[in-house]
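Below is one structure, written out as structure tokens; comments come after it.
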Amino acid sequence: MSTKFPSLNRSPLLLFFTLLSVFLYLPPIINSRTIRTVDSSFHFSDDSSVTYLWPLPSEFTSGNETLLVDPSLSLSVFGNGGNSVIVREAFERYRTIIFKHVGSSKFGTRDLGYDIGKLSVIVHSDDEELQLGVDESYTLLVAKNNARSITGEVTIEANTVYGALRGLETFSQLCGFDYGTKSVQIYKAPWFIKDKPRFAFRGLLLDTSRHYYPIDIIKQIIESMSYVKLNVLHWHIIDEESFPLEVPAYPKLWEGSYTKWERYTVEDAYEIVNFAKMRGINVMAEIDVPGHGESWGIGYPDLWPSTSCKEPLDVSKNFTFEVLSGILQDMREIFPFELFHLGGDEVNTDCWNNTPHVKQWLKENNMTTKDAYQYFVLRAQEIAISKNWTPVNWEETFNAFPEKLNPRTVVHNWLGGGVCPKVVEQGLRCIYSNQGFWYLDHLDVQWEGVYDAEPLEGITDAAQQTRVLGGEVCMWSETADPSNVQQTIWPRAAAAAERLWTSKEAAPRSNTTGGMTLTRLEYFRCLLTRRGVQASPVTNFYARSPPVGPGSCYAQ
């Protein structure tokens, strides 16, 4: 069906030019129901089934009307969560995004007869605790004014404020600026959307040890995560290269930072956690033990087995575990999320066998180095659990001693496929990050591979499927820093975000060949750039490659 234009109260001259423009552009838009902008109408498919929302909602219906949104859009919040600061601040953020190009004009204003003048948000619960599995479902209704209502309105209904945040993001994507009328419009109205996430854990790992990211850069990344409804920032704060975080219990630890300017204070960490919570995003911190710990010994050399053997951390000393406990205690005050990542990957234990006092300790305790690795991981888990955390470990721990892991353990898959099926069969929970698809530092992995990766691959039992918490894309920073990190993350991370949010029925795998998903992703990449996110072109062979020549964002 053809797009319907709203009835506008214009001067005769303006009406003439408007009608002229309609006739000039009539051939491309006839029989079209796609969401368009003036600049991009000739780039997008005329297939009425294309819906430019990312991630695609689980269920939705749309119509064929175009509605105008009043730039003075008002907000009313109802329900037990009606006093939520989170919702009201989010509304102001989205107002800035939606009406960025709408302002007072020195050429005078026009009465455009707005169809939408009010946004009503109903939040049933006043509980704002943000934890794994929090209800993020919402319904969104966009309806034109009728005889019973002077102004039309948009209604978002959610059980929690975090569901309301997801609804606000979807609403913002429905709104587009029309340069001809200088107004914000909603296409394909009326809309009814009923949406919820497919997985509870939808993450992005950010490595701040290999390169340091100022907190403003981290905030930009968190903000961009909210645009695709990701809900966990996995903050890989510390590694062998640097220890940038302040730990009050052991103040010399951050002497392992690159420089005194590349550090995070406790206040910085609080700020990042609170900034993320306002966007419905948890922060899962990681300290990777016992390997990847060389930077710890800059401030406390006793943590090294010797000056020639600086990792794994010294398993033979109680001091090592005292420091670990002190770190976890201080971090417990900063990070309220129930999951804490203890690492456990890539542990080369040869060093322990080659250090006399550690070798003697192994002999006295009748341990092999493999036994000592298990001992360290399990003792670290006990410390974390004693501080009311659920431990997360990389898959090497499961591969080495699966029956010994604490039953609460969440195993983080990364080496390849086939791990999560084994994990959930044993009754443990799993996070999927297969490096062949979801490691963003692998620049030759194109968006199709990211999109088609499936966290539930090889798991058919319904009960076992529930033990896959979800997944995350990983931004390791050996070759990324503030100059190029956003280009490396986006838009490929958005492909994974849709896999994690949208049901398989709404967005099936191998949905890429027909071009519809590519068209939507290209449009979303342009939406990111309009919002100030330095997202790379979608189809360049190597991620973060610049454009090959001049042209529209929409034409790639």
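The values are calculated or read from the model by the stated rules, or taken from the named source; none is laboratory data. All figures in this text were calculated on a predicted structure; none of them were measured in a lab. With ideal geometry, Cβ positions are generated from the backbone for all residues, glycine too; neighbour counts draw on all protein chains shown. Keep in mind that these areas ignore ligands, DNA and RNA; they rest on the heavy atoms of the full protein, side chains included. Shrake-Rupley method; radii C 1.70, N 1.55, O 1.52, S 1.80 Å.
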Selection count where residues are among the small types (G, A, S), more than 20 Å from N393 (Cβ to Cβ) and assigned to a helix (DSSP H, G or I), scope region 287-337: 3
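Please tell me if P407 is surrounded by fewer than 17 Cβ atoms within 10 Å (Cβ to Cβ) and in contact with a helix residue (DSSP H, G or I) (Cβ under 6 Å, 6 or more places away or on another chain).
no
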Restricting attention to region 353-391, which residues are among the aromatic types (F, W, Y) and under 16 Å from F321 (Cα atoms)? W361, Y373, Y375, F376
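Mind checking whether some residue in region 384-391 is open to solvent by 20 Å² or more (accessible area, probe 1.4 Å) and among the small types (G, A, S)?
Within region 384-391, one or more residues are open to solvent by 20 Å² or more (accessible area, probe 1.4 Å) and among the small types (G, A, S).
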Please go through region 367-383 and give me each residue that is open to solvent by less than 10 Å² (accessible area, probe 1.4 Å) and without any contact (Cβ under 8 Å) to a residue 40 or more places away in the chain, ordered by number. Q381
Assess whether K219 counts as being assigned to a loop (DSSP other than H, G, I, E, B), touching a helix residue (DSSP H, G or I) at 6+ places or on another chain (Cβ under 9 Å) and not β-branched (V, I, T). no
Among the residues of region 345-374, write down those that are over 13 Å from T397 (Cα atoms), in contact with a Phe, Trp or Tyr (Cβ under 9 Å, 6 or more places away or on another chain) and of a type in the set (K, R). K359
Which one of W254, W235, W261 is at pLDDT 95 or above, at negative phi and part of a strand (DSSP E or B)? W235
Identify, by number, the condition in (1) aliphatic (A, V, I, L, M); (2) under 20 Å from Q435 (Cα atoms); (3) more than 16 Å from the chain's Cα centre (by Cα) that L518 doesn't meet. (2)
Taking region 171-190 on its own, how many of its residues are of a type in the set (S, T, Y) and either buried (at least 21 other Cβ atoms within 10 Å of the Cβ) or in contact with a Cys (Cβ under 7 Å, 6 or more places away or on another chain) (or both)? 2
When region 218-259 is examined, which residues are found to be touching a Pro at 6+ places or on another chain (Cβ under 9 Å) and over 30 Å from F91 (Cβ atoms)? I237, I238, W254, G256, S257, Y258
Answer yes or no as to whether L328 is under 28 Å from the mean Cα position of the chain (by Cα), among the hydrophobic types (A, V, I, L, M, F, W, C) and surrounded by 20 or more Cβ atoms within 10 Å (Cβ to Cβ). yes
Index of the failed condition, R525 passing every other in (1) in contact (Cβ under 8 Å) with a residue 40 or more places away in the chain; (2) out of contact with any Asp or Glu (no Cβ under 9 Å at 6 or more places or on another chain); (3) among the basic types (K, R): (1)
Kindly list the number of the only condition in (1) under 18 Å from E65 (Cα atoms); (2) modelled with pLDDT of 95 or more that fails for E153. (2)
When residues of region 106-123 are filtered for being at pLDDT below 65 and not hydroxyl-bearing (S, T, Y), how many remain? 5
Among the listed residues G515, G470, which satisfies the condition of being touching a strand residue (DSSP E or B) at 6+ places or on another chain (Cβ under 9 Å) and on the phi > 0 side of the Ramachandran plot? G470
Residue list for region 476-494, restricted to those being out of contact with any strand residue (DSSP E or B) (no Cβ under 9 Å at 6 or more places or on another chain) and of a type outside the set (S, T, N, Q): D481, P482, W490, P491, A494
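Please pick out the residue among E395, E364, E338, E346 that is of a type in the set (D, E), touching a residue at least 24 places away in the same chain (Cβ under 8 Å), farther than 27 Å from K219 by Cβ and open to solvent by 40 Å² or more (accessible area, probe 1.4 Å).
Exactly one of E395, E364, E338, E346 is of a type in the set (D, E), touching a residue at least 24 places away in the same chain (Cβ under 8 Å), farther than 27 Å from K219 by Cβ and open to solvent by 40 Å² or more (accessible area, probe 1.4 Å), namely E346.
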Just give me the residues in region 424-446 being polar (S, T, N, Q) and assigned to a loop (DSSP other than H, G, I, E, B), in sequence order. Q426, S433, N434, Q446
Does region 199-211 contain at least one residue that is crowded, with 22+ Cβ neighbours inside 10 Å and touching a Cys at 6+ places or on another chain (Cβ under 7 Å)? yes
Six or more apart or on different chains, Cβ under 8 Å: which pairs go from a residue in region 74-94 that's among the basic types (K, R) to one that's open to solvent by less than 90 Å² (accessible area, probe 1.4 Å)? Could you list them? R88/L75; R88/V77
Regarding M367, is this residue more than 22 Å from D239 (Cα to Cα) and of a type in the set (A, V, I, L, M, F, W, C)? yes
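Counting residues that are in contact with a Lys or Arg (Cβ under 9 Å, 6 or more places away or on another chain) and surrounded by fewer than 16 Cβ atoms within 10 Å (Cβ to Cβ), which helices (runs of 4 or more DSSP H) fully inside region 447-556 reach at least 2?
In region 447-556, no matching helices (runs of 4 or more DSSP H) lie anywhere.
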Within region 434-444, considering residues that are more than 14 Å from Q487 (Cα to Cα) and in contact with a helix residue (DSSP H, G or I) (Cβ under 9 Å, 6 or more places away or on another chain), the one most open to solvent (accessible area, probe 1.4 Å): F437
